[in-house]
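Chemist: Just dropping this structure here.
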Amino acid sequence: MSEDASAPMGEAPASSSNSSTSPAEAKAEISLPIPSADSSIQERADALFLNSEILAPMVRASTTPLRTLALSYGADLVYTEEIVDRSITTCNRVVNDKLGTIDYVRKTDGMSAKVLKRLESKGEIPVILRIAPNLEKGRLIYQIGTGEANLALPAALFVQRDVDGIDVNMGCPKKFSVSGGMGSALLSDLPRACDIIRTLRANLNVPVSAKIRLLSDDESSVDFIRSLIKAGANAVTIHAREVGDESQQPAKWDRLVNVVQAVKAAESVPIIINGDFFTRDDMVSMKQRTGADGVMLARPALYNVSLFKKPPATAARTEASYGYDSPLLENKTSVVQTYLEHCLTYAPNFKNVKYVVCEMMNNRRNPSNIVHNLPLKFSRGQTIKQVCNCRNMDEMCKLWDVNLSTSGAVAATVSADGTEQRYDDRYFLDPEALKRERRTSQQATAEERSELSVVDVSTGTTAPTSSCCKSVNASENADESLSLPEGTTTKRQRID
């Protein structure tokens with residue numbers, strides 16, 4: 001591997017040859033005025049988003065294998081999983097000649113001896129982001145988890161040479177994200193949300209977008225979106241659910257129609273819709289109803305990522321139906337097998353592989369009203385329990401009749417992805433027991449905090465531990481936990 005070789009996917013500044021940009025260096029580059037219209041960047045955004053079918057950002061799932069698989073089936077654009085600003089800025093940019101990828105590898109400075117020993121014993125490399133430029137060039141959006149403009153900017157500056165756009169997550173409702181002022185917390189803080197967009201647009205050479213949820217009413221939703229656009233957003237994706245809506249309940253398509261039509265009547269930037277498009281007929285119908293410019297798939301892609309397969313050009317002149325039994329869809333066994341082949345090529349964290357395969361095999365978070373249309377049939381009757389029992393890629397490939405190619409086996413041993421994301425097989429095997437255990441653990445932790453105090457090093461005084469920020473690893477939503485540097489919390493701190 002060679003560090004920081006230049007392989008730009010976007011138009012990086014001529015001066016961006018450094019392997020990283022520190023927060024202090026990036027802060028010095030910030031210019032605060034609202035950006036003037038930049039037709040070249042907006043034209044690039046239009047080229048990316050107009051008439052697009054997009055793989056959504058999904059924590060633990062939207063890593064290299066699923067992204068490249070989606071592209072192979074016909075996705076026009078793919079998003080990385082959400083990666084927190086301070087996580088990516090703790091990395092080195094490394095060109096991985098073995099895999100033909102660009103890796104953002106966490107620096108080992110500050111890691112505990114225990115973690116270093118584990119990584120060394122397993123031959124793992126702590127890769128936070130792996131990009132396959134030969135397949136993803138021109139089609140990759142980096143989604144950032146951030147709550148402050150001055151933390152977002154250095155992260156975005158660092159990665160912009162290798163991606164085609166930066167998307168700000170403003171929709172995640174999980175506690176680990178909201179407690180850090182990120183995700184859907186931004187929906188209730190419009191000035192801060194706009195400040196992030198404005199700062200990124202003023203300083204980046206790639207398009208900037210945002211992914212949001214519906215607000216409590218249509219007027220508020222439209223006003224929020226138009227404010228983001230005024231701040232400089234080149235595109236906005238709208239998830240047809242509000243904060244608090246369960247994924248098992250149907251997405252609010254009627255509200256989505258109202259909001260998108262109102263925005264499109266006043267604004268010209270691309271608007272992308274997201275929420276329960278489990279068939280190509282749904283994708284086409286909702287795009288027409290709303291007047292949206294593109295569609296994004298999350299859980300439908302996990303159910304069957306071959307949903308991205310497009311009909312032949314001649315089919316446009318027929319009345320062919322592409323519903324739940326669409327002739328375009330690959331059988332689910334074939335999809336899992338092809339996903340595993342991509343995993344052999346790009347060597348992701350094995351726990352992530354198990355997670356994605358298990359998601360492909362269940363309907364735990366799909367709308368209850370359509371689950372009967374989503375069969376879970378596999379050629380040899382494979383079960384989630386069998387997948388969870390697999391301890392490595394060899395066993396997983398044997399379960400699914402996937403041959404371990406020589407190149408794939410070598411790749412997996414050369415650079416195993418060691419991102420620190422919590423995973424437990426009980427997410428799928430016994431989720432209620434896992435929740436009870438975590439609630440008990442959190443209660444115990446809260447009691448301990450109330451009895452302890454810590455020293456404030458800046459003043460020499462003591463303060464209750466409860467005033468300290470909570471670690472991501474303590475989140476009851478660890479199933480969705482983000483890639484953060486070890487020891488980093490989600491509390492946002494301004495850099496003045």
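The values are calculated or read from the model by the stated rules, or taken from the named source; none is laboratory data. These numbers were taken from a predicted model, which means no experiment stands behind them. Quick reminder, even Gly has a Cβ in these numbers, built from the backbone with ideal geometry, and neighbours come from all protein chains shown. In case anyone asks, the SASA skips ligands and DNA or RNA and just uses the protein heavy atoms, side chains included. Shrake-Rupley method; radii C 1.70, N 1.55, O 1.52, S 1.80 Å.
Chemist: How much net charge surrounds GLY294 when only the other residues with a Cβ under 11 Å from the Cβ of GLY294 are counted, with Lys and Arg +1 and Asp and Glu -1?
Modeler: Once positives and negatives cancel, what remains is -3.
Chemist: Enter the Cα centre distance for the pair segment 50-103 and segment 205-248, rounded to the nearest angstrom.
Modeler: Between the Cα centres of segment 50-103 and segment 205-248 lies a distance of 22 Å.
Chemist: When the Cα centres of segment 141-180 and segment 259-317 are compared, how far apart do they sit, in Å?
Modeler: 24 Å
Chemist: Next question. When the Debye formula is applied to the Cα atoms of segment 60-176, each taken as the same point scatterer, what base-10 log of I(q)/I(0) results at q = 0.10, 0.12, 0.23 Å⁻¹?
Modeler: -0.32, -0.46, -1.38
Chemist: While we're looking at this one, here's another question. Per residue, how large is the accessible surface of segment 182-256? Use a 1.4 angstrom probe and give square angstrom.
Modeler: Each residue of segment 182-256 exposes 34 Å² on average to a 1.4 Å probe.
Chemist: Continuing with the same structure: Can you list the equivalent-ellipsoid semi-axes of segment 225-300, largest first and in whole Å, using the square root of 5 times each Cα gyration tensor eigenvalue? Numbers along the way, then the final one.
Modeler: Values: eigenvalues 85, 39, 23 Å².
Gyration-tensor ellipsoid for segment 225-300: 21, 14, 11 Å.
Chemist: Let me ask something additional. Multiply the residue separation of GLU120 and ARG426 by 0.36 nm, subtract the distance between their alpha-carbon atoms, and state the gained length in nm to one decimal.
Modeler: So the chain would gain 107.4 nm between GLU120 and ARG426.
Chemist: Please turn the phi angles of segment 386-402 into ³J(HN,Hα) values with the Karplus equation 6.51 cos²θ - 1.76 cosθ + 1.60 (θ = phi - 60°), one per residue in order, whole Hz, x for glycine and proline.
Modeler: Result, ordered by residue: 5, 5, 5, 6, 5, 9, 7, 5, 4, 5, 5, 5, 5, 4, 9, 6, 9 Hz.
Chemist: Could you compute how fast segment 192-335 diffuses translationally, taking Rh as the Kirkwood radius over C-alpha pairs and applying Stokes-Einstein at 4 °C with viscosity 1.567 mPa s? Give it in µm² per second. Present the calculation step by step, with values, prior to reporting the outcome.
Modeler: On the way: Rh = 16.5 Å.
The diffusion coefficient I find is 79 µm²/s.
Chemist: So, how do all the Cα-to-Cα distances of segment 87-135 break down into 10 Å bins, in percent, from 0 on up?
Modeler: For segment 87-135, the binned pair fractions read 26, 48, 23, 3 percent.
Chemist: If Rh is defined by the Kirkwood formula over all Cα pairs and Rg also comes from Cα, what ratio Rg/Rh do you get for segment 256-326?
Modeler: Working: Rg = 13.1 Å, Rh = 13.1 Å.
Here the Rg-to-Rh quotient is 1.00.
Chemist: In Å², what does the accessible area per residue of segment 318-367 work out to with a 1.4 Å probe? Could the numbers behind the result be given before it?
Modeler: Working: 1810 Å² over 50 residues.
Here the per-residue accessible area is 36 Å².
Chemist: Using a 1.4 angstrom probe on heavy atoms only, work out the carbon and sulfur share of the accessible area of segment 33-152 in %.
Modeler: 52 percent
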